[in-house]
1. What do the square roots of 5 times the Cα gyration tensor eigenvalues come to for segment 75-209, in whole Å, largest first, as semi-axes of the equivalent ellipsoid?
2. Sorted from largest down, what three extents in whole angstroms do the Cα atoms of segment 75-149 have along their principal axes?
3. With the cut-off at 1.5 for a/c, could you classify segment 154-224 from its C-alpha gyration tensor as rounded, prolate or oblate?
4. If you wrap the chain's Cα atoms in a convex hull and average its projection over all directions, what's the area in nm²?
5. First obtain the Kirkwood hydrodynamic radius of segment 457-605 from its Cα pairs, then insert it into the Stokes-Einstein equation at 4 °C and 1.567 mPa s, and state the resulting D in µm² per second as a whole number.
6. Expressed as a whole number of Å, what is the distance separating the alpha-carbon centroids of segment 125-189 and segment 496-564?
7. Using DSSP, restrict attention to beta bridges with both residues in the chain and report what percent are antiparallel, rounded to the nearest 5.
8. Evaluate E = 1/(1 + (r/R0)^6) for K243 and R596, where r is the Cβ-Cβ distance and R0 equals 22 Å; express this FRET efficiency to the nearest 0.05.
Amino acid sequence: MCGIIGYSGPLEAGSILLGGLSQLEYRGYDSAGIAYFDTSSKVHVVKKTGKVARLKETVEVMKASSHCGMGHTRWATHGGVSDENAHPHRAGRVTLIHNGIIENYHSLTQEFHLESQLISQTDSEVAAWVLESFYSGDPKEAIRKLAERMDGAYGFCIMFDDHPGEIYAIRNVSPLVAAYTPSGALIASDLTALIPYTKRYFVVPEQHIVKLTGYKISVFDLDGARVMPEMLEINWNMDAAMKNGFPHFMLKEIHEQPEAMKNTILPRMTKGLPDFTDDGIPDQLFEDCREIHMIACGTAMHAGMVAKALMEPVLRIPVTVSIASEFRYEDPLVDEGTLVIIISQSGETIDTLAALGLAKSYGAKTLAIVNVKGSTIARESDYVLYTHAGPEIAVASTKAYSVQLAALYMISCRMSLVRGKFTREQAEAFLTGLLDAIPAMETMIERQLEEKHLAAHLIQQHDTFFIGRGLDYAFSLEGALKLKEISYIHADAYAAGELKHGTIALISQDVPVIAIATQEHVFAKMISNVREVKARGAFVILLTKEHVQIDEGLADIHIKIPHLDDRFTVFPIAVILQLIAYYASVGKNLDVDQPRNLAKSVTVE
Ligand code: M6R
């Protein structure tokens, strides 16, 4: 959550900071602010509630000149949305921005007698004052002492009044990446802010102090020794982080799915079979385990639900899916015989990261499916399988979900092969089926007609229900989440047979029910469930494969996907569900890419 950018160099800092904040805004958008040294080395702070565009108007009016500064876009945790709670925070000679949560802020407030000094309600301002109290002219020494006292997650960028032209940073858990570029030194909470300037960057090592000046970046450990960080290469270009003519990032990212699928699957295919040699993932990992435990949050967790429904019947071993925020406080049943699959687009979701740590402490082998290269989860897992979706900017996950599924499908196939559950021919046929899903997705992306019409109906209603059986139920969970998060329409997903155990009481005239019926072995049962809701007046939207015959009047809208093997229908269905949510949000004139109360990366509990 919260976007951070810092810059020192020859260019005008204001435009770099504001441009960077616009790129990072998807991380949080309650308020934004910048701090900078002016040409006479005086520190100025400008901060405002609302989006970066509002901050820009103020800063442009000021027409300030600067070559060093830092900016922040906030997702409120401690303290409401107000100008005072916006970052940067000033504390004596210290100016500080923060991403994360300081858990012991209350006791620090008392210990350092800060009650009367604090202007905001934030934990971040407490950190700024604690730092000020340690500061006696040596920034690194003060930061080292600060780190000793901080409990929680943080990425801090700091300016000291008497060190003009310099930005200092330190992190614990919360991400920071940095680069020295021909345009100057940059640090940010994620790569999207760096790609206009460089392809080479490094991940700031935890508990290391970074110093940016106009001509270099230095990294020190907490004993003051210089450290050379490992340089990484960005494999995205600027286009990947721009809308490129689409009205919203979400629509662009929906369109990018077929390409993202190919990028994730094709490099891992050898002679028609999945092959993870280049990822360094040995077959033994799949052969040895007695069970699989998937752990993730939100959309990524829903990808795990699909994988469970896919894998268990073939592999014949238990596959469990856990919500990371629950798992991390459990005494889980995992051990050396468990393969824990961690799924995360960002690779920095705090609950998922904590769950990974817990699983490791129980001796489980961990394999992460992650989109962001070099992210914390990727680095801390035993093995990592990167998805190649490129940057996902819209808060609502779309292409990341499809490629997480693609990765899980490939794992399922490889595992079935090495455990003797698939013959070579079956594995090849499975992979062919997966590839066939890509043109089916393209077809659904091109059509989009029914979804617009349907969204017009949905936005008149307060509730929507998604029903399905087996794999279709697993897909419907994601459909409901998508609709809720960007259209603010209440939506729930139910196993179709479960509806009559309570929820059917909510079905009345015109309540939309989106029924997914792509699984042949339960098709007839599904149709019976559809009849039950239709009989109670529901407005039925039925999703099936083409060539399926249904009785007239059963569905108000019937959306058909191209014919596919049942195991792969999730891919075109996902496109339909994403488009339904998208057009519902557009129809309500909402902020599609940055829905209220949300942020892209959830780096706080
Ligand atoms: O970055 P992660 O995949 O770990 O994020 C997990 C969830 O926060 C995320 O999938 C969220 O549910 C989606 N953005 C919703 O569309």
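1. In descending order the semi-axes read 25, 16, 14 Å.
2. Each principal axis gives a Cα extent; for segment 75-149 these are 33, 22, 22 Å.
3. Judged from the Cα gyration tensor, segment 154-224 comes out oblate (a/c at least 1.5, b/c at or above a/b).
4. Across all orientations, the chain yields a mean hull projection of 27.6 nm².
5. Diffusion coefficient, whole number: 83 µm²/s.
6. 56 Å
7. Of the beta bridges lying entirely in the chain, close to 60 percent run antiparallel.
8. So the FRET efficiency works out to roughly 0.60.
Each reported figure results from applying straightforward, stated rules to the coordinates on display, with no laboratory input. All values derive from a computational prediction rather than experimental measurement. Glycine also receives a Cβ, built like all others from the backbone with ideal geometry; neighbour counts cover every protein chain displayed.
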